[in-house]
Amino acid sequence: MPDKQCKNGHMIDESWDLCPFCPPEKKEPPPSFSVVLPRQDPAGTSAAIRPPEPSSPEVHPPLPKAPPAPKIPPSQEAPSSPSPGRISRTSVMAKPILAAASKRFVVGWLVGLNRTARGESFPIRIGRNVLGRDRASDLYVQDDLVSGHHADLVFRPEERRYILMDSNSTNGTFVNGEEISQRHDLSANDVISVGNHRFLFVPLCHEGFYWEDEGLLK
């Protein structure tokens, strides 16, 4: 006598696993990512544990595209650096040429013999050298008896001459104790007096020893 009841209420034999009166169940194949594990619920029936359905991914709005870089006209582009091993003639050679053309070489000295200038040397350069109490002078003499622009000491390289000229000073310019009128050619070891100061003249250039145009000593 049947003593077992299926889930649809049919009475079947206890040794039967399937009910012959119930239509066959359609079982869908489990998804590849799911794992089905048998579990006994409190009612005694078998159930399957399935993982929760994955939630739909969040959709983010597309990022704005960066604006294209502005085009630089060829006239405003930075000059390309020279390749290694190459030297730019314009950038390397122009500055030394200009510097050599504007440089005034030393052609002698005035050496102080007394007062605050004693033992000090003052360079004489090619062209005109101003002596005076004005601080902008080439040879600044701090003396109340010296005029602002007292005298000029000029070296002429084409003649190799050292010429001392008084610039209408108040107290005059002296060489070896004698006042000069307008101009005076200096010789080695002459003593120049302006105000209360005396200076010994020491020339550098003379016959066979002078600066050429290129700055070479001959």
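Summary of computed values
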read-out: The stretch 114-218, accessible surface, carbon-and-sulfur percent (1.4 angstrom probe); value: 43 percent
read-out: Mean Cα-pair separation over length for the stretch 96-182, i.e. relative contact order, pairs under 8 Å, 6 or more apart, %; value: 18 percent
read-out: Ordering of 123-135, 4-16 by packing [mean C-beta count within 10 Å, highest first]; value: 123-135, 4-16
read-out: Distant-in-sequence amide H partners of TRP109 (H built 1.01 Å from N, under 5 Å); value: ILE124, VAL202, LEU204
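The values are calculated or read from the model by the stated rules, or taken from the named source; none is laboratory data. Bear in mind the structure is a predicted one, so any value in this text is a computation, not a measurement. Glycine also receives a Cβ, built like all others from the backbone with ideal geometry; neighbour counts cover every protein chain displayed. When the accessible area is computed, the model is the full protein with side chains, heavy atoms only, and any ligands, DNA or RNA have been set aside. Shrake-Rupley method; radii C 1.70, N 1.55, O 1.52, S 1.80 Å.
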